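Q: This is the structure I want to talk about, given as structure tokens.
All of the numbers you see were taken from the coordinates with simple rules; none came from a lab. Remember, it's a predicted structure, so these values are computed and weren't measured experimentally. Counting neighbours? That spans all protein chains shown, and the Cβs are built from the backbone with ideal geometry, glycine included.
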Amino acid sequence: MFLSAVLALAQPTAQKPFEFKDGDRIVWIGNTLVEREQRYGYWETALLAANADKKITVRNLGWSGDTVHAEARGRFDFDKPDMCLKQLVNLTLELKPTVIFIAYGTNESFEGKDGLSKFEKGLEKLLDALKPADARIVLFTPLPFSKSASLPDPKEHNLRLGRYSEVIRKVAKDRKHYLADLFAEATSGTYARITGKLTDEGATGDTFQSDNGIHLTWRGYANSAKVLLDVLGCTHPDVFIDLEPLRKAIIEKNELFFHRWRPQNETYLFGFRKHEQGKNAKEVAEFDPLVSKAEEEIEKIRKTLKK
Amino acid sequence: MRQFIPILLLVLLPSAAFGQAKAIVPDPDPELERKTFVVAPGFEVNLYAADPLLAKPIQMNFDPQGRLWIASSEIYPQIKPGEKANDKIIILEDTDNDGKADKTTVFADGLLIPTGVEPGDGGAYVANSTELVHLSASKPGQKADRKKILLSGFGTEDTHHIIHTFRWGPDCRLYFNQSIYIHSHIETPHGVKRLNAGGIWRFNPDRTELDVFCRGFINTWGHAFDKYGQSFITDGANGEGINHGVPGAYYPTAQGPHVSRILHGMNPGTPKFCGLEVVSGRHFPDDWQGDLITNDFRGHRVCRFKLQDDGSTFAGREMTEVIKSNHPAFRPIDVKMGPDGALYIADWYNPIIQHGEVDFRDPRRDKTHGRIWRVTAKGRDLVKKPKLVDATIPELLDHLKAPEQWTRQQAKRVLKERGAEKVLPELVKWVEAKKWMDGAHDERHALELFWLALALGAPDTLPKAGLNAFHQLTAGCLGAKDANVRAIAIRYVGEGFILKGDRAKAPIAMIGSYCREGTSRERLEAVRVLAQAAHPEAATAALAALDKPMDRVLDYALWLTMRELEPYWMPEFKAGKLTFGGDAKKLAFALNAVGNKDTVKPLVALIDSGKVPKENLHGLYLLLTQIGGPEELHKVLERAAAKGVSPAERDALVLAVEQTVRLRKVSRPKDLDIITSLWSEGAAAHASVRLIGLWKVEELRFALEAGATAKAATPAVRATSLESLALFGDAKAKEFIMNLCADPKPEVQRPAIIAYASLDLGGAANFAARYLEHAKPEPEVADLVAAVVGRKGGPAAFAKALKGSRFDSPDVARIALRAVRASGQPADDLAAALTAAGDLAAARKPPTPDEVKAMVADVAKADAARGELIYRRKELQCLACHAIGGAGGQVGPDMTSIGASAQPDYLVESLLIPNKAVKEGYHAMRVVTNDDRVTLGIKVREANGLLVLRTPEDKEVTIPVKDILERGEAKSIMPEGMTDTLTKQEFADLVRFLTELGKIGPYAPNKARLVRRWEVIEPSNANLNAFRRTRVSAAAEADNAFAWSPAYSLVSGDLPLASLPKFSVWANTAEQTVLRFNLDVTTAGAAKLKINSVAGLSLYVGANPVEPKAETILDLKAGVQTLTLIIDRSKRTEDVRVELDDVPNSPARVSVIGGK
């Protein structure tokens, strides 16, 4: 009974395409799904290619294990919720985004029904805190889990993910934010091959290929890039021309930016041991021109795609 | 050859290379390095591989083919902007079996500081910064071109803390560690795993199962399993030697809900270690089997420890080094047994080891070298390299009988990778054919098969027909004659039964039976594995351990298990459904472990029942203090005032009441008459006086006013009375104290101002300033200054009050300045005001680089022996904060091997500018509480709403987190200017002494178990009166009334007699000295003391006299034993040196207690 209820909720609703603008700066926050995307770059590549007529930059701030409460970001302040959230919000605002992609809910869902209201409050709080950016917000629902050796039966958990997705839908509706409903698309949309059975087993098949049942493999990212475009309402060709040069440039940019915003040895460079190595912190800022240069390379390739 | 260019430049352009003072960049010729090795007798060392075959090895592991995989990093410690991360995993191979690598393959590159590598599953598991990845090559023998991210979200806050120490456990799970500063958040299909501190992870890649095996540690760079699967752990920053890894246990610096109690290592006071391996196999002599090898990378030594059973845990003793060297770049950091039975050592080869204290870009950092050394036993045959990869399954199963742990483990890995489908049917056949019960073989063969079966997913993956064989195997392990096999089988069977969701009572009862019936180690494993059963019965089962004698680790294990099981047993207990069989001892243990307010009622009932053994009663009262309300505290005070309670117990109880009132703000009991009956002497009396103020007991205020002003009052009584009065905090108290602040008698005035500081800071600052103008330069001046400075805004208020002041004595200004520095508060204005008031020369300035250089040059000509005496001077306070060989204060880092790791320029700067570079784990915190008091200290732990700091006085202070207004980083806890009173020569001598610590020579770490930390009786009037009332030998009695002061041996182990206080009790009697030290006896039995000379000595063990001999055999009971020496100074001039040693075949496990 529950299953059908969740499925009913999960029907993708007609929504106008998300409108990207020339000069958009997207900041992408979320958990492992977002963090790993920067290493593979398929989603970002597809996004840029589908909008090749506009200059768009993406800054990926995904962090494994993260939640709407920014639990993964506190470092030495891990036990101070305000400090955790501040880390995430300040960093996002510093990047002056015009668009913020927010992809949470997977990790929160382990708290089950009891955690739903905490999740909703956390999401509201995060959105309130991000208001000063005055950016267009896109809320993503999580991807469902799939059957794997590590997760022989994802059914129960997918019900939970369905409930958390519903919270995200509600918040998106209330706040008039754009909803990028990955969960609905994967469980009952075009990419769910067999609807009923698929919800039991999660999003199997190549589109959302996963080794452990919860994270996409590189192939999973590559194959589901189309899904990302669909949930954002981007028009795109079925097959892109060779985007490897663009993807490589994006990965290069992401790596440099990663060294900029999440450098190693933070304790010594910026943390409580900065009196020892703080003099080397200036090096970290030296990544900025390198990121800009990598961005120029992306720009160059984009212009070749435009035609 | 590209790699050689930088070093060539250094040679050609020494001025560039030696830009930093006293750089030591040695000649990199490996043979020159090898020649510096002093090798254990009967062994030799050859070079297996060196640069350019490899550079900067961080970790190494062999694969089943006998190839050596190495994770290496040239980028460490920090990537430079514009630099491409290109660190490598390389494979070294000795194809012609001549003991030297002749082939190198770069398996992977493009990595960022890979700190761990473990080959397996067709490639290698690699630590790649925030990720754990699996790399493999699509074409065998080629470079890796496939990367699978297995786990992500590991912290990188410090690149020598990121995930490291990869190894396959005997269960074929991947164990790896993270260090103290790392915060990791890992998503798995079974939930997000978070670890916000150091710890050991355990990972099953087949099912993406990740859990924390042990919590804590600072730099856990060593983890090895013995042949029974017991874990041993070393730490590169925590000087406690070898640690026994108990599943789920908390170790120093752990985070989590149960940090209030932790486990410690076996060898406190040893240097820090990196890497760990267990000696196993026929190439090594019999008396080396099972010994542990680790590396003192600071001291350029490869060390060996021998383990002995010690109840549920182990005792470890250091043996002669495998290698020691004085080569400044020899940095042994990993150690592994190899396929040929030899021992392999990775040498990171670097004159600079740290990256916190020394600049990331220091040119002395070596980026290009690295060596693998190979240690072999002379005249003993090597082991023939087993052929595993192409072997048949029965051949591989047979290899699980090999005497070499290397072969067994690698054969198991090959079998694991062949998969359940192929291997399990053969394993079943093997078991059914009883090949595992063949009497010629060790029972450990059954254990290896059992591990293999579990690793292959048994019993779930077994065909039905194979279940019986698996059960036979399980029963064989659980029923083995060898208790160590049984013990580890309990761990794995327990996990198997209980974790599979079978929560029935039967398996719990089965495991529970081991808690009572087994050997100590079986009981330990059973108690710990029961914590995983989410069932109230598991608590009852675990408590059965108390039916037999406990030891410390077992007690800890049970405590942890009871806490972890609390959510299951507490509700049942409160509902009256669970009674622990009405056993008062068990109930007391359970309540004590949990110690929350839920347990108040049952605890009172238990105490009132009269069933509790007398020796447990005191502990229960202490527990009641921690959790009880006003009436329970009254009950505790009644107990404290009762007859038959010893003075030490009385002090402990009343201090505990005071502490709990401060921390939990428990209000006063109605009736407080009991307090006056505590006003006798000792700490209890003072605490009870303070309670009057804390509780604002109006009806006793008069007593405090009397205590503050009475002529007969001692300074201590006066101070405590005033402190307590100030706690009333009302106008009446304020007026009363203010009047005393202007009292003509300084002994009244001073404590009054101190107390007044908490009521009116500005007023107190004014009084203090006026007082200092005419004060004598007495030590008490420092207390007064500290009272004002140690408050929020205190330094500013004081500076203001001092404007225009002029002190009669410049020394008063000096004492005050010292107190200001010791406060760790930012107080430049105050320092200037005091300097002006004392008409002192301008304040000290930090030395310029040139000055540091000149001082370093002086060090070369200085004398370490003179330096040691300077180090020991009381006024320098070195010993009060730093230990050597574990003896000394615990506030600052242990100095045992500081000279072998720190460069002289670093030492000079650390003495003059203590805040410039602070050792890991010694960063001070400045906390302002809601009473405006400022506390400075090093964080010990923070949990359950309480912050515990270690203050510069080496005291632990507990502060409720909700009382904290501000918290922030403080400067180094070591005050500036400690060495200002030294002459240039003295300073050079002191640094010289420090530079020698840990190096080969007279100041090397000593393996002997020497008594280094003593206590001595000073000839104070109180002590002499106590002697006169009783007799000198009363000093040996427990609970004696003497005040003892610390004394420490020289690094050599000798305690200089001439420096010890002596006294004559009566006129014309011989002068005497009384000394004592403590031994920790974990298993009772005979032990030996080696005493350098017995002239003039009387020896007492406890209160019992024992005849001292050069080799004195003692029969020691378990527990902490105090040994007292009374020295007739007329009969002795030699220094005192006492060494603890084993008596052959004695079961005793004894260690010398160090510390402050």
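Q: Which of A:TRP28, A:ALA52, A:MET83 sits farthest toward the positive end of the charge dipole of the stretch A:12-142, with +1 on the Cβ of Lys and Arg and -1 on the Cβ of Asp and Glu?
A: Sorting the options by dipole projection puts first A:ALA52.
Q: Taking a label point 7 Å from the Cα of B:ASP931 along the Cα→Cβ vector, which residues of the stretch B:769-796 have an amide N closer than 20 Å to it?
A: Output list for this probe position: B:783-795.
Q: Efficiency by 1/(1 + (r/R0)^6): what FRET value for B:GLU778 and B:SER646, r their Cβ-Cβ distance, R0 = 30 Å, to the nearest 0.05?
A: Between B:GLU778 and B:SER646 the formula returns 0.25.
Q: State the extension gain, in nm to one decimal, for the chain segment bounded by B:THR392 and B:ASN739, taking 0.36 nm per residue of separation less the distance between their alpha-carbons.
A: This chain segment gains 115.5 nm when fully extended.
Q: So, one more: Restricting attention to the stretch B:930-1024, which GluC sites (Glu not before Pro) occupy a DSSP loop and are surrounded by at most 16 other Cβ atoms within 10 Å?
A: Passing sites in the stretch B:930-1024 are B:GLU953.
Q: Something else about it: Evaluate the relative contact order of the stretch B:1013-1155 (contact order divided by residue number), counting alpha-carbon pairs under 8 angstrom at least 6 apart; express in whole percent. Please list the in-between numbers first.
A: Numbers: 310 pairs, mean separation 43.0, N = 143.
Result for the stretch B:1013-1155 is 30 percent.
Q: I would also like to ask the following. Of the residues A:GLU266, A:GLU297, A:GLU120, which exhibits the maximal mean-square fluctuation in a Gaussian network model of chain A defined by a 10 Å Cα contact cut-off?
A: In this elastic network of chain A, the residue with the biggest mean-square fluctuation among A:GLU266, A:GLU297, A:GLU120 is A:GLU266.
Q: Enumerate the residues in the stretch B:43-59 having an amide nitrogen under 17 Å from the point lying 7 Å beyond the Cα of B:LYS35 toward its Cβ.
A: Once the point is set 7 Å along Cα→Cβ of B:LYS35, B:45-47 turn out to lie under 17 Å by backbone N, inside the stretch B:43-59.
Q: At 7 Å along Cα-to-Cβ for each site, give me the label-to-label distance between B:ASN1025 and B:GLU572 in nm.
A: Each label point lies 7 Å from its Cα, and together they span 5.8 nm.
Q: Under the rule of at least 5 residues apart or a separate chain, name every residue whose amide H is placed under 5 Å from the amide H of B:VAL940.
A: Here the answer is B:VAL948, B:LEU949, B:ARG950, since their amide H atoms fall under 5 Å of that of B:VAL940.
Q: Now for a different question. Summing -39500 (n - 2.57) over the DSSP H runs of n ≥ 4 in chain B and dividing by its residue number, what mean residue ellipticity at 222 nm do you reach, to the nearest 500 deg cm²/dmol?
A: Roughly -10000 deg cm²/dmol at 222 nm, from the helical runs in chain B.
Q: So who's got an amide H within less than 5 Å of the one on B:MET266, skipping anything under 5 residues away but keeping other chains? H placed 1.01 Å off N, in plane.
A: B:ILE242, B:ASN243, B:HIS244
Q: Also: Between B:GLN65 and B:LYS1109, what length comes free when the chain is fully extended (0.36 nm per residue of separation minus the Cα-Cα distance, one decimal in nm)?
A: Details: separation 1044, 0.36 × 1044 = 375.84 nm, distance 5.66 nm.
Length gained, B:GLN65 through B:LYS1109: 370.2 nm.
Q: Quick one: how many lysine pairs does the stretch B:677-814 have with C-alpha atoms less than 17 Å apart and a gap of 8 or more or different chains? Give me the count, please. Provide the component values of the computation, followed by the final result.
A: On the way: B:LYS696/B:LYS732; B:LYS696/B:LYS734; B:LYS711/B:LYS745; B:LYS745/B:LYS776; B:LYS792/B:LYS800.
For the stretch B:677-814, the number of qualifying lysine pairs is 5.
Q: A further question on this structure: So, in Å, what gap is there between the alpha-carbon centers of the stretch B:1088-1156 and the stretch B:747-796?
A: So the separation of the two Cα centres works out to 47 Å.
Q: Express in nm, to one decimal, how much length is gained between B:VAL604 and B:LYS1090 on full extension, taking 0.36 nm for each residue of separation and deducting their alpha carbon distance.
A: Fully extending the segment from B:VAL604 to B:LYS1090 adds 170.0 nm.
Q: Lysines near B:LYS481 by alpha-carbon distance under 25 Å, same-chain residues fewer than 8 away left out - which ones?
A: B:LYS227, B:LYS306, B:LYS401, B:LYS412, B:LYS429, B:LYS434, B:LYS435, B:LYS548
Q: Under 17 Å between alpha carbons, and skipping anything fewer than 8 positions from A:LYS125 in its own chain: which aspartates and glutamates qualify?
A: Result set, ordered by chain and number: A:ASP66, A:GLU71, A:ASP82, A:GLU108, A:ASP134, A:ASP174.
Q: Measure up B:LYS999/B:LYS1090; B:LYS845/B:LYS916; B:LYS56/B:LYS143; B:LYS597/B:LYS635; A:LYS86/B:LYS919; A:LYS86/A:LYS131 against 18 Å on the Cα-Cα distance and list the ones that go over.
A: B:LYS999/B:LYS1090; B:LYS56/B:LYS143; A:LYS86/B:LYS919
Q: Still on this structure: Treat every Asp and Glu Cβ in the stretch B:923-1062 as -1 and every Lys and Arg Cβ as +1, leave all other atoms uncharged, and give the resulting dipole magnitude about the Cα centre to the nearest 20 debye.
A: With Lys and Arg at +1 and Asp and Glu at -1, about 480 debye.
Q: Quick one: which residues, 5+ away or cross-chain, put their amide H under 5 Å from the amide H of B:THR188? H built at 1.01 Å from N.
A: Residues meeting the criterion, in which the H sits 1.01 Å from N, are B:LYS193.
Q: Compute the label zone of B:LYS585 within the stretch B:514-533: residues whose backbone N is under 20 Å from the point 7 Å along Cα-to-Cβ.
A: Only B:514-528 pass the distance filter.
Q: Convex hull over the alpha-carbon atoms of the stretch B:1079-1134: what's its volume per residue in Å³?
A: Value for the stretch B:1079-1134: 72 Å³ per residue.
Q: Moving on to the next point. May I ask you to derive the relative contact order of chain B, considering only C-alpha pairs under 8 Å and at least 6 residues apart, and to give it as an integer percent?
A: This gives 7 percent for chain B.
Q: Would you mind classifying the stretch B:940-1057 by shape? Square roots of the alpha carbon gyration tensor eigenvalues, ordered a ≥ b ≥ c; an a/c under 1.5 is rounded, otherwise it is prolate if a/b is larger than b/c and oblate if not.
A: Since a/c reaches 1.5 but b/c is at least a/b, the shape of the stretch B:940-1057 is classed as oblate.
Q: How high is the FRET efficiency from B:ALA506 to B:ASP547, r the C-beta distance, R0 22 Å, rounded to 0.05?
A: 0.60
Q: Then there's this: Students often forget the sequence filter, so: which aspartates and glutamates lie under 18 Å Cα-Cα from B:LYS971 once same-chain residues fewer than 8 apart are removed?
A: Reachable aspartates and glutamates: A:GLU276, B:GLU357, B:ASP828, B:ASP829, B:GLU909, B:GLU920, B:GLU953, B:ASP954.
Q: Beyond a 25 Å Cα-Cα separation, which of these cross-linked pairs lie in this structure: B:LYS35/B:LYS1007; B:LYS665/B:LYS1156; A:LYS21/A:LYS300; A:LYS282/A:LYS303; B:LYS574/B:LYS643? Let's see the in-between values first.
A: Working: B:LYS35/B:LYS1007 23 Å; B:LYS665/B:LYS1156 32 Å; A:LYS21/A:LYS300 18 Å; A:LYS282/A:LYS303 33 Å; B:LYS574/B:LYS643 34 Å.
Over 25 Å apart, Cα to Cα: B:LYS665/B:LYS1156; A:LYS282/A:LYS303; B:LYS574/B:LYS643.
Q: For the protein assembly as shown, treating each Cα as an identical point scatterer without solvent, what Debye log10 I(q)/I(0) comes out at q = 0.05, 0.08 1/Å?
A: With one equal scatterer per Cα and no solvent, log10 I(q)/I(0) is -0.44, -1.18.
Q: Just to check I understand the Karplus step: with θ = phi - 60° and J = 6.51 cos²θ - 1.76 cosθ + 1.60, what whole-Hz values come out for the stretch B:227-244, glycine and proline as x?
A: Running phi through 6.51 cos²θ - 1.76 cosθ + 1.60 with θ = phi - 60° gives 5, 9, x, 6, 8, 10, 9, 10, 10, x, 9, 9, x, 10, x, 8, 10, 8 Hz.
Q: Using a basic spin-label model with each label point 7 Å from the Cα along Cα→Cβ, how many nm lie between B:MET319 and B:ARG194?
A: About 4.6 nm separates the two model spin labels.
Q: Can you run phi through the Karplus equation (6.51, -1.76, 1.60; θ = phi - 60°) for the stretch A:268-285 and list ³J(HN,Hα) in whole Hz, with x for Gly and Pro?
A: So the Karplus estimates, Gly and Pro as x, are 8, 7, 10, x, 6, 10, 5, 5, 8, 10, x, 4, 8, 4, 4, 4, 5, 5 Hz.
Q: How high is the FRET efficiency from B:SER138 to B:GLU495, r the C-beta distance, R0 35 Å, rounded to 0.05? Write down the numbers at each step before the final one.
A: Details: r = 36 Å, r/R0 = 1.04.
Once the sixth-power term is evaluated, E becomes 0.45.
Q: Using the Karplus curve 6.51 cos²θ - 1.76 cosθ + 1.60 with θ = phi - 60°, work out ³J(HN,Hα) for each residue of the stretch B:956-962 in order, rounded to whole Hz, and write x for Gly and Pro.
A: Karplus-based 3J(HN,Hα) across the stretch B:956-962 equals 8, 10, 9, 10, x, 4, 6 Hz.
Q: Moving on to the next point. Note down the nm distance, to one decimal, between modelled labels 7 Å out along Cα→Cβ at B:ALA854 and at B:LYS670.
A: Spacing of the two 7 Å Cα→Cβ label points: 7.6 nm.
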